[in-house]
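The block underneath contains the structure these notes are about, expressed in structure tokens.
What follows is calculated from the coordinates using simple rules that are stated; it is not laboratory data. The structure presented is a predicted model; accordingly, all values stated were derived computationally and were not measured. Cβ atoms come from the backbone with ideal geometry, glycine included; neighbour counts cover every protein chain shown.
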Amino acid sequence: MARKIRMGMVGGGRGAFIGGVHRMAAAIDGEIELVCGAFSSNPEKSKLSGEDLYLPADRVYGSYAEMIEKEKALPEGERMDFISIVTPNHVHFGPAKMALENGFHVVCDKPLCFDMEEAHALAKIVKDTGLIFALTHNYTGYPMVKQAKAMVANGDLGEIRKVVVEYPQGWLSTFLESTDQKQAAWRTDPKRSGIAGAMGDIGTHAENLAEYITGLKIEKMCADISTIVKGRLLDDDGNVLLRFENGARGVLHASQISAGEENNLNIRVYGEKAGIHWFQMEPNSLIVRYLDKPMTILRTGVGELYPAAQSSTRLPGGHPEGYLEAFASIYRNFAHCVRAFQEGKEPEPVYQDFPTVEDGVRGMNFIYKVIESGKTDEKWTTV
């Protein structure tokens, strides 16, 4: 009998930002339901968070280990199908590893893990178990990002020559982590965030978006990494020159001290025949500039778009679709793949379009190499 895919959540309790985003996004398409959770490392806080979400008390757990063990013991018709990990970076590997080893699929927030050792170990576990793993690089879920990717793949731009991707924010322009601001505290803490600050938090989004749209791997980089705010322990600004596998050149800029900026991720990709420009803060538009004809602005839900863009468009043209819907595209595709897995079928290709553990390993490698390059005078570092 057809049913929704059941989700258990690790993290995302009271006071968390991203947990609520994941819950809303997972529910948008009606494919997934939240059935249990370990919402905090504090058992009492986890319990209260479960009450907030109207979950049965016996499905709210004091730790992810307890959740995985007890859910596995439930009948197949009741237990969760996958876990969603929405914790700080240092608590990604443990629950992902245990879930996979106990037969549960995984959705994990980015970056993949705390360090490269964990990343490689997790990739091996995913391969060995054959289970489904999705990484929430959510910006790949926007219809116009998928349109851009399809245009590049179809040769509409010609051979790619230049990529410029920027992700400026301004929220860490002051020493915010010295206050009680929860998001600033863990994102700037090497013990919880890892070796990188801005580059690990948002630089990986820029790297992933560039590789996703172009279909090209970054081969070499040259980075200038800075910590601008006095007293901060991790980087808060960076500029990186890129070289892609086909010889294309690129520039990546990520900053969290660009005062006045909100969440201004944007990307320009230039080929032999045309260029495209997409802004996260105006996500329903894709600007296309040609050598020999006027500029065109493509719009979500308007006119003929490539199937990948159409499949992630939920509303008629002129009705804004944004951040939550982009997250939802990953969850929807993941849910279809889990359903196909359960039925012993091959999922349709359009549903296999979401970031995987391999993308996560590349993202972790990017973090390590960009920090390595930023610390050395020998600037060109092989990725």
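For the pair Leu53 and Glu33, label points projected 7 Å from Cα toward Cβ lie 1.4 nm apart. Each Cα pair under 8 Å and six or more residues apart adds its separation to the average, and for the stretch 5-131 the resulting relative contact order is 23 percent. Descending by average beta-carbon neighbour count within 10 Å, the peptides 313-321, 163-171 line up as 163-171, 313-321, the highest first.
In this Cβ point-charge picture (+1 for Lys and Arg, -1 for Asp and Glu), the stretch 5-131 has a dipole of about 140 debye about its Cα centre.
The GluC sites (Glu not before Pro) of the stretch 34-84 that DSSP puts in a loop, and whose beta carbon has at most 16 other beta carbons within 10 Å, are Glu76, Glu78.
Let me know the charge dipole size of the chain about its Cα centre in debye, to the nearest 20, where only the beta-carbon of Lys, Arg (+1) and Asp, Glu (-1) is charged. Working shown, then result.
Working: 42 positive and 51 negative charges, 56 e Å.
Approximately 280 debye in magnitude.
Remark: spin-label model distance Glu372-Lys70 equals 4.4 nm, labels positioned 7 Å along the Cα→Cβ axis.
Ordering Cys36, His22, Asn102 by the projection of their Cα atoms onto the charge dipole of the stretch 5-131, which places +1 on the Cβ of Lys and Arg and -1 on the Cβ of Asp and Glu, puts His22 at the extreme positive end. Measuring between alpha carbons in the structure, the pairs from Lys230/Lys379; Lys127/Lys345; Lys4/Lys47 lying more than 22 angstrom apart are Lys230/Lys379; Lys4/Lys47. With R₀ set to 35 Å, the beta-carbon distance separating Asn154 from Gln342 gives a calculated FRET efficiency near 0.55. When shorter helices are ignored and each DSSP H run of at least 4 residues is given -39500 (n - 2.57), the per-residue value for the chain at 222 nm works out to -10000 deg cm²/dmol. Other residues lying with their Cβ under 14 Å from the Cβ of Pro190 contribute a combined charge of -2, Lys and Arg counting +1, Asp and Glu -1.
Shown in residue order for the stretch 335-345 are the 3J(HN,Hα) couplings computed by the Karplus curve 6.51 cos²θ - 1.76 cosθ + 1.60 at θ = phi - 60°: 4, 5, 5, 5, 4, 5, 4, 5, 8, x, 10 Hz (x for Gly and Pro). Relative to the present Cα-Cα distance, how much length would full extension add between Lys230 and Arg3 at 0.36 nm per residue of separation? Length gained between Lys230 and Arg3: 76.4 nm.
Computed as a quarter of the hull surface, the mean projected area of the alpha carbon convex hull for the chain stands at 19.4 nm².
Under the simplified labelling scheme, the Gln310-Lys273 pair shows an inter-label distance of 2.1 nm, with each label point 7 Å from Cα along Cα→Cβ. For Lys217 and Ala259, the FRET efficiency from 1/(1 + (r/R0)^6), where r spans their Cβ atoms and R0 equals 45 Å, is about 0.85. Placing +1 on the Cβ of every Lys and Arg and -1 on the Cβ of every Asp and Glu, with nothing else charged, gives the stretch 58-138 a dipole about its Cα centre of roughly 140 debye. In the chain, with Lys and Arg counted as +1 and Asp and Glu as -1 at Cβ, which of these residues, Ser312, Gly275, Met144, has the Cα nearest the positive end of the dipole, that is, farthest along it? In the chain, that residue is Gly275. What residues of the stretch 147-169 lie in the reach of a label at Asp292, counting those whose backbone N is under 14 Å from a point 7 Å from the Cα along Cα→Cβ? Answer for the stretch 147-169: 157-158. With all pairs of different C-alpha atoms in the average, the Kirkwood value for the hydrodynamic radius of the stretch 127-204 is 16.2 Å. A dipole drawn for the chain from +1 and -1 charges on Cβ atoms has a positive end, and of Leu252, Ala123, Thr381 the residue lying farthest that way is Leu252.
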